[in-house]
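Here the structure comes first, spelled out in C-alpha cells, and everything after it is commentary.
The values are calculated or read from the model by the stated rules, or taken from the named source; none is laboratory data. Small disclaimer: the values here were computed from a predicted structure and weren't measured. All Cβ positions, glycine included, derive from the backbone under ideal geometry; neighbour counts span all protein chains shown.
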Amino acid sequence: MAVCDLLIIGAGAAGISAAVSAWNAGCRDILLVDRGEAPGGILPQCRHEGFGMASFGHELTGPEYAAHLIQQLSRTDVRFLPQTEVLSVSEDRKAIVSSRGTVDQIAFARLILAAGCREHQIGSLPVSGTRPAGIFTAGQAQEMINLRHQDLGDEILILGSGDLGMIMARRFTLEGKHVIAVLEQQAHYGGMARNYHRCIEAYQIPLRTGVTVSEIHGRGRISGVTIKNLETGTREYSACDTLVTALGLIPEQTLVQDIGERDWLYLAGNCRHVHDIADSASAEGILVGECAAAGLHLGA
Amino acid sequence: MMAGAESFDVAVIGGGLLGCFAARELCRWRLKTVLVETRGDVCTGISRANTAIVYPGYDHKPGTLKAEMTVRANAGFEQLCRELDVPFSRCGSMMLSFGEKADAVLRKKYLQGMENHVPGLRLISGEEAREHEATLNPDVRLALYSPTAGTVNPWQLGIAACENAIQNGVQLRLNTSVTGILADSGVYRLQTDRGELSARAVVNCAGLSADRVHALLFPSDIRIAPTAGDYLLLDRTAAKPSHILQYEPEEKGKGLTMVPTVGGSLLVGPSERENSLDYAASEDGLASVRTLAKKLIPELNLEDTIRSFAAVRPIPQYRDGRRINSFVIEHPASGFWSLIGIRTPGLTCARELGLHIAGQLAYELDAQSNPAFNPVRKGIPRVHELTFAQRKQFAAQLPDFGEIVCICEDVSKGEILEAIRRGAVTVDGVKRRVCTGMGRCQGARCQQKVLELLSRTLQIPEHAVTKDGRGSEILRERHGSL
C-alpha cells in the first residue's frame with residue numbers, strides 16, 4: 001500500500017495547479033494521479049486559443065497552457081502516477097487505484113479531487129428515432145480529431161452552442177467539413193461572446209436558436225435529424241452524416257458522492273463547478289492546494 | 001467451393017437467443033450441428049433489446065405450452081445461469097393496480113397462477129406493497145406479489161448459450177444468409193450466399209424472418225407482424241425499486257414495467273406500437289413511458305435517463321390479421337421445425353424451447369445421447385465483481401485487467417480483448433459481452449478506445465470498425481497523409 005500526505009486525483013489545469021501550490025506551501029509528500037499518459041488532462045486536445053491570459057498574461061492554446069503548467073510541476077518533487085484509474089475513495093482515507101498490472105491502495109491524509117467533468121450525452125434527452133453510428137459528444141469529437149487525427153464525417157450538425165459546441169463548429173470547418181448549422185434550444189448562444197465572434201461569426205456558420213433535435217434518422221449511420229422549432233412546434237428534416245452534441249458539462253464527483261463533506265476532502269476545478277476558462281480552474285487549484293497544504297478546510 | 005455441400009445433421013437458422021439455445025441443447029445428443037446467422041455476430045436482432053424479465057408464469061392460460069414452459073423454465077433459471085456463468089437476479093415482482101378493472105385482472109392472474117403452480121404468489125394490499133417498495137405511488141391499491149420473478153440480461157444469456165454450443169462442437173457460420181431450402185430425399189439443402197449446406201434436419205429460429213424462412217419450403221398461413229416498444233434506461237444511481245414493477249392499467253395496452261437490471265440500471269418500458277419494424281423510438285411512446293414511470297414512482301428522477309431506445313417483438317398472426325397468442329411451433333415435415341413469432345415470454349422459455357425442439361429432433365433423427373456434453377461455460381472474468389485482493393492478484397498476473405477502459409462501468413482492457421477473442425467484431429458486440437459504454441456517458445469516453453482495440457486485434461483499419469454491423473461505420477477513411 002502506498003502512502004502520501006496529499007493525494008490529488010486528476011492532473012488537469014486544477015490538479016496540476018493544486019499540486020504546485022501545495023508544494024510551494026510546504027507540503028512535501030504529494031501524489032498526483034491521472035488516467036492519462038502525461039499530465040495535462042483535457043488541455044492537450046484543446047488546440048484552440050483562449051488559455052492563459054489570467055495566469056500567464058498572454059494568450060495560449062490548450063497544449064501550450066499545459067506545457068506551462070507541466071514546467072511548473074517539473075520544478076517540484078510531486079510524484080506523478082500516470083495511466084492510473086482511481087476506482088474508489090473510502091471514508092477511512094484510502095483510494096483504490098488500478099493501472100496496467102497493478103491494483104493498489106493509497107492511504108492519504110488529505111485528498112484534492114480535481115477530476116474535471118463529463119459531458120451530457122444525447123441519451124438524456126427525449127429524442128425519438130433510431131440509435132445509429134455517427135453521433136458524438138463535442139469533447140469526444142475533439143479528442144478524436146485533435147489527438148487521434150480521425151475523420152468523423154462530412155456533413156455536420158452541432159446541437160448546443162456552449163463554448164465547446166462553437167469551438168467544434170470551427171474545428172470541423174477548419175478540417176474542411178461542412179457544418180450545416182449549430183442548433184441551440186435557447187434564444188441566445190450559450191457560450192462566451194468571444195467564442196461566438198471567433199468561431200461562429202468569423203466562419204459564417206449558421207446558428208439557429210430556439211430549435212432542438214427531436215428525432216434521429218438513419219439505420220447504420222445517421223442520415224439526418226428532425227429539427228423542431230420550440231416556439232412554433234414546426235418540424236423540418238435536415239440531412240447530415242454526423243451529429244455532434246454539446247449539451248453541457250457535469251462535474252465529475254462520482255468518486256466522493258457517497259462520502260459527503262469531510263475536513264480532509266477538497267474539490268478543485270471543474271469537478272467543483274464548471275468553469276468558463278481553464279485559468280479560473282487553475283486559480284481554484286492554487287487556492288485549494290494552499291488550503292490543503294495548511295490543513296485548512298474550505299466549505300463545499 | 002464447388003466440392004459438394006458440407007453436410008450436417010442439423011442446421012439451426014438464426015443466431016438469436018432461440019437459435020443459440022436450440023444449438024446448445026442439440027449438443028446433448030450426438031449430432032453434428034451448424035448455426036447459421038445472417039449478421040456478423042449472434043444476438044444482434046430482436047434479442048438485443050428486450051424487457052429482460054424471467055416471468056413466473058401466471059400470465060398464461062393453464063394447460064398451455066406457454067404456461068407450462070414458463071413455470072418450469074423459471075424454476076430452473078438459477079441452475080441455467082450458474083451453468084452458463086451469467087448474472088441472474090431473482091428480485092421478485094409486483095403487479096400494481098390503481099383501479100377496479102386492474103384489481104379484477106390481478107385476481108384473475110392470481111387464480112391462473114395458482115392453477116399453474118406458480119410458487120409464492122400473493123395478492124397484497126397497497127399498504128403492504130409500499131412496505132416492499134417505499135417509493136410507490138400511494139394510490140396503488142392492490143398488488144400481485146410474485147417472489148419468483150427475476151431478471152437476466154438477454155444478450156448475455158444468448159451469447160453464453162452460443163459459446164457453450166461452440167465449446168460442445170457446434171459450428172457457427174456468421175455473415176451467412178439462407179436464400180433457399182430444398183427437400184431432397186431425406187436431406188434439406190440450404191442455399192446460402194456463401195455456398196450450400198445440407199442437413200438432415202432444420203430448426204428455423206430466424207426471428208423476424210422466421211415466417212419467410214419457413215415459406216422458402218412450406219406454405220404457411222402465419223406471418224409475423226412486428227411490434228415496436230419504447231424504453232428508457234436510467235442510470236444506476238437512480239432511486240430505483242428493488243422489485244420488478246408492473247403497472248396494470250385501467251385502459252388496455254397502456255401498461256408499464258420497471259426492471260432493476262442485473263447491470264444496476266433501471267429499465268423502464270415499453271409502450272407498444274403495432275406494425276412497426278423500425279428500431280426507432282417514437283416521441284409519443286417515450287412521452288408515455290415517462291408519464292407512467294412518474295405515476296408508479298412519483299419521485300423517480302427522469303433526468304437520470306441515460307438512453308432511450310426501441311425494441312421489436314415478432315407478433316405472429318394469421319393472414320387475415322388475427323393475432324396468435326401461443327408460441328407457434330410449426331412442424332410441417334419430419335426434421336423441419338420452425339419457431340415463428342416467439343415473443344414474451346420467449347426470453348424465459350428460450351432454453352426450454354431449445355430443449356423441446358432438440359428432444360423432438362433427437363427422436364426423429366434417432367440420435368444417441370452425447371455423454372461428453374458439457375453444460376458449463378465460463379464467462380469473461382469481470383474485474384468489477386472481484387474483491388480488492390482478487391483484483392490485485394488478477395492484475396498482477398494479467399496486466400491488461402488492470403487497465404481500465406470504460407470508466408462508468410469499470411471495464412478493463414483485458415475484458416475487452418477477451419470479448420473480441422470470443423467473437424465480438426463491433427463496438428456494440430464488445431458492449432454486449434462486457435458492458436462497455438452501457439453507463440452514464442454511453443461510450444463518449446471509451447468508444448474510441450474500444451474502436452482502436454477492435455482495429456488492432458482484428459487487424460482491420462479503424463474506418464472499417466462498425467458500431468453494430470455493416471453500414472454503421474464510425475469513422476471515414478482518411479485520405480492523404482497527415
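Scanning region B:1-40 for residues that are among the charged types (D, E, K, R) and buried (at least 24 other Cβ atoms within 10 Å of the Cβ) gives B:24, B:25, B:37.
Restricting to region A:96-124, and then to whatever is facing chain B (nearest Cβ under 7 Å), small (Gly, Ala, Ser) and under 24 Å from residue A:42 (Cβ atoms), can you tell me which residue is surrounded by the most Cβ atoms within 10 Å (Cβ to Cβ)? Checked region A:96-124; the qualifying residue surrounded by the most Cβ atoms within 10 Å (Cβ to Cβ) is A:98. For beta carbons closer than 9 Å, sequence separation of 6+ or different chains, a first residue in region A:126-144 that is facing chain B (nearest Cβ under 7 Å) and a second that is in a helix (DSSP H, G or I) and β-branched (Val, Ile, Thr), the qualifying pairs are A:133/B:427; A:137/A:122. Residues in region B:392-414 that are under 11 Å from residue B:453 (Cα atoms) and part of a helix (DSSP H, G or I): B:413, B:414. The set of residues from region B:1-60 being farther than 15 Å from residue B:351 by Cβ and of a type in the set (Phe, Trp, Tyr) comprises B:8, B:29, B:58.
Quick check on this structure: which one of B:75, B:102 is touching a residue at least 60 places away in the same chain (Cβ under 8 Å) and in contact with a Leu (Cβ under 9 Å, 6 or more places away or on another chain)? So that I can check it myself, show each step before the final result.
Values: B:75 fails: in contact with a Leu (Cβ under 9 Å, 6 or more places away or on another chain).
Residue meeting the stated conditions: B:102.
Evaluating residue A:200 against the criteria (1) in contact with an Asp or Glu (Cβ under 9 Å, 6 or more places away or on another chain); (2) closer than 30 Å to residue B:477 by Cα; (3) more than 9 Å from every other protein chain (Cβ to nearest Cβ); (4) crowded, with 21+ Cβ neighbours inside 10 Å leaves one unmet condition, (1).
If you check B:434, B:411, B:450, B:425, which single one turns out to be surrounded by fewer than 23 Cβ atoms within 10 Å (Cβ to Cβ) and either touching a Leu at 6+ places or on another chain (Cβ under 7 Å) or more than 10 Å from chain A (Cβ to nearest Cβ) (or both)? Explain how you work it out, then say what you get.
Values: B:434 fails: surrounded by fewer than 23 Cβ atoms within 10 Å (Cβ to Cβ); B:411 fails: surrounded by fewer than 23 Cβ atoms within 10 Å (Cβ to Cβ); B:450 fails: surrounded by fewer than 23 Cβ atoms within 10 Å (Cβ to Cβ).
Answer to the selection: B:425.
Each residue in region B:103-151 was checked for being touching a strand residue (DSSP E or B) at 6+ places or on another chain (Cβ under 7 Å), among the small types (Gly, Ala, Ser) and closer than 18 Å to residue B:255 by Cβ, and 5 of them qualify.
Just a yes or no: is a residue in region A:151-159 charged (D, E, K, R), farther than 30 Å from residue B:281 by Cα and surrounded by fewer than 19 Cβ atoms within 10 Å (Cβ to Cβ)?
For region A:151-159, residues charged (D, E, K, R), farther than 30 Å from residue B:281 by Cα and surrounded by fewer than 19 Cβ atoms within 10 Å (Cβ to Cβ): absent.
Scanning region B:216-237 for residues that are among the aliphatic types (A, V, I, L, M) and either surrounded by 21 or more Cβ atoms within 10 Å (Cβ to Cβ) or part of a strand (DSSP E or B) (or both) returns B:222, B:224, B:225, B:228, B:232, B:233, B:234.
Taken together, B:72, B:107, B:48, B:122 contain a single residue that is modelled with pLDDT under 95 and either farther than 20 Å from residue B:269 by Cα or touching a Lys or Arg at 6+ places or on another chain (Cβ under 9 Å) (or both), which is B:48.
Okay, residues lined up against (1) in a loop (DSSP other than H, G, I, E, B); (2) of a type in the set (Asp, Glu); (3) touching a Lys or Arg at 6+ places or on another chain (Cβ under 7 Å); (4) within 14 Å of chain A (Cβ to nearest Cβ):
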| residue | (1), (2), (3), (4) |
| --- | --- |
| B:313 | no, no, yes, no |
| B:326 | yes, no, yes, no |
| B:329 | no, no, no, no |
| B:337 | no, no, no, no |
| B:357 | no, no, no, no |
| B:360 | no, no, no, no |
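Only one of B:59, B:85, B:103, B:139 is closer than 24 Å to residue B:341 by Cβ and acidic (Asp, Glu). Can you tell me which?
Details: B:85 fails: closer than 24 Å to residue B:341 by Cβ; B:103 fails: closer than 24 Å to residue B:341 by Cβ; B:139 fails: closer than 24 Å to residue B:341 by Cβ.
Just a single option satisfies the conditions, and that option is B:59.
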